[in-house]
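Each remark here refers to the structure printed beneath this line.
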2 protein chains.
Amino acid sequence: MQLQLTELRIAGFGGQGVILSAIILGKAASIHQGAYATMTQNFGPEARGGACSAQLLLSGQPILYPYVTHPDIMVVMSQEAYTRFVRDLKEGGTLIVEQDLVRVTDLPRQTKVYSCPATRLAEELGKKMVLNSVMVGFFTAVTKLLDPDSVRNAVTDSVPAPFRELNLKAFERGFAFGLESLADGRHSQELEHVTMSED
Amino acid sequence: MQLQLTELRIAGFGGQGVILSAIILGKAASIHQGAYATMTQNFGPEARGGACSAQLLLSGQPILYPYVTHPDIMVVMSQEAYTRFVRDLKEGGTLIVEQDLVRVTDLPRQTKVYSCPATRLAEELGKKMVLNSVMVGFFTAVTKLLDPDSVRNAVTDSVPAPFRELNLKAFERGFAFGLESLADGRHSQELEHVTMSED
């Protein structure tokens, strides 16, 4: 089945592995799944403040115009990134947030929200820095956009050898948490919670 | 002095540090020099073949359209990348090549060519993998686009701590080689050589 053109944005603060997450998903789609991917990363005054974002286009066809304007899917790992980018999300799009770091408000209509305490899960595995692999695993489970084995291979390819095993464990932890969230219909609960919090 | 909008492409094969070079130059311009930078990287079937390229936009103003079409400056580290991209170079643009890996032919008109045996210089320093820092140093000297200290700081920021000293040495080696090339007017010699080889 061919990958449909999908616009993604991943955003957070420096040190969370935002860029590495985008590279892993880009490689999964392209190198391991025969599709195409383009990643754009901005440096600028905002980068000096520690904010960090990557835009990713995935497609079954070569990508001629690599500019992401209204992401179909957004992965957000900090409140600052949330405030800055949430308005860009496509109507009916998917929002994935780091549960303990982002308070979800002012959502575009019909957004599907999935949240994952990636930092906490990474800490349970012994290294906070693998939170991005937890997030990538969670993303893979809830979006069903990419073949999980392609993403596993891309994780293996993209992290230094001494950290491979730990990152794969982190991927599996996030992936399992994502499957549980889907089984629970947890994203609708989130949405209710959001609606309530706006009262 | 404000940085003018400049389009760059860096291309080579996997393992040469193409993407890292683009990240270093992007950070030098933005984080260390108060300007703006956007990097776009393509994954795709070509990435499976080992080819690798990054597009970089540098500007004194925020960048609204991050798509590089006709680079002002191109850094090319493999023959395959040369063949594929050389036609895109802007007329009157600057071409920087890895001297031992790229044979320069069919140049766009009025191209300024600078060549650096970065792989060999890196090997002399004991680690071939620092060829990208040699190339970044050479780039900094011949283009005069960025403040050398901004680039030094970006090298320091961007490589893992155990490799910092070696990469800074590699930067200085490439930078010195670039200054010598400018002093010799070596780029015109290169151009003569090219013309001769086409006879």
Radius 10 Å from Cβ of A:HIS70, net charge of other residues (Lys, Arg +1; Asp, Glu -1)
-1
Shortest first and in nm with one decimal, please list how far the B:LEU64 label point sits from its counterparts in the other copies (point 7 Å along Cα→Cβ).
2.3
Please give the total accessible area that chains B and A bury against each other, computed with a 1.4 Å probe and expressed in Å² to the nearest 100.
2000
Per residue of the range A:106-121, what does 6.51 cos²θ - 1.76 cosθ + 1.60 with θ = phi - 60° give for ³J(HN,Hα)? Whole Hz please, x for Gly and Pro, Karplus curve as stated.
6, 7, x, 5, 6, 6, 8, 10, 10, 10, 9, x, 4, 5, 4, 4
So which of B:LYS27/B:LYS169; A:LYS90/A:LYS127; A:LYS127/B:LYS169 end up more than 23 Å apart, counting from Cα to Cα?
A:LYS90/A:LYS127; A:LYS127/B:LYS169
Applied in sequence order to the range A:142-148, the curve 6.51 cos²θ - 1.76 cosθ + 1.60 (Karplus, θ = phi - 60°) yields integer Hz couplings, x standing for Gly and Pro, of 7, 7, 6, 6, 10, 5, x
Convert 25 °C to kelvin, take the viscosity as 0.890 mPa s, use the Kirkwood radius over C-alpha pairs of the protein assembly as shown as Rh, and evaluate the Stokes-Einstein diffusion coefficient in µm²/s, rounded to a whole number.
112
Counting other C-beta atoms within 10 Å, and keeping those with at most 13, which DSSP coil trypsin sites (Lys or Arg not before Pro) do you find in the range A:47-100?
none
Taking 1 over the mean of 1/r across every pair of different Cα atoms in the range A:1-135, what Kirkwood radius in Å do you get?
15.1
Karplus 3J(HN,Hα) series, Hz, for the range B:131-140 with 6.51 cos²θ - 1.76 cosθ + 1.60 (x for Gly, Pro):
4, 5, 6, 4, 5, 5, x, 4, 3, 4
With the full set of protein chains in place, find how many percent of the accessible area of the range B:1-136 is carbon and sulfur; take the probe as 1.4 Å.
51
Across the identical copies, how the A:ARG87 labels are spaced - nm, sorted shortest first, 7 Å along Cα→Cβ:
4.3
GNM top mover of A:GLN61, A:GLN16, A:GLN79 - chain A, alpha-carbon springs below 10 Å
A:GLN61
Can you list the residues of the range B:18-40 whose accessible area drops by at least 50 Å² going from the chain on its own to the full set of protein chains, with a 1.4 Å probe?
B:ILE31, B:MET39
Can you give the accessible area of B:GLU123, probe radius 1.4 Å, in Å² rounded to 10?
100
Give me the distance in nm between label points sitting 7 Å out from Cα along the Cα-to-Cβ direction at A:LYS127 and B:GLU180, one decimal.
4.1
Give me the accessible area per residue for the protein assembly as shown, probe 1.4 Å, as a whole number in Å².
44
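The values are calculated or read from the model by the stated rules, or taken from the named source; none is laboratory data. Please read all numbers here as calculations on a predicted model, not as lab measurements. Heads up, the Cβs are rebuilt from the backbone with ideal geometry, glycines too, and the neighbour counts pull from every protein chain shown. Ligands, DNA and RNA are excluded from the accessible area calculation, which covers all protein heavy atoms including side chains. Shrake-Rupley method; radii C 1.70, N 1.55, O 1.52, S 1.80 Å.
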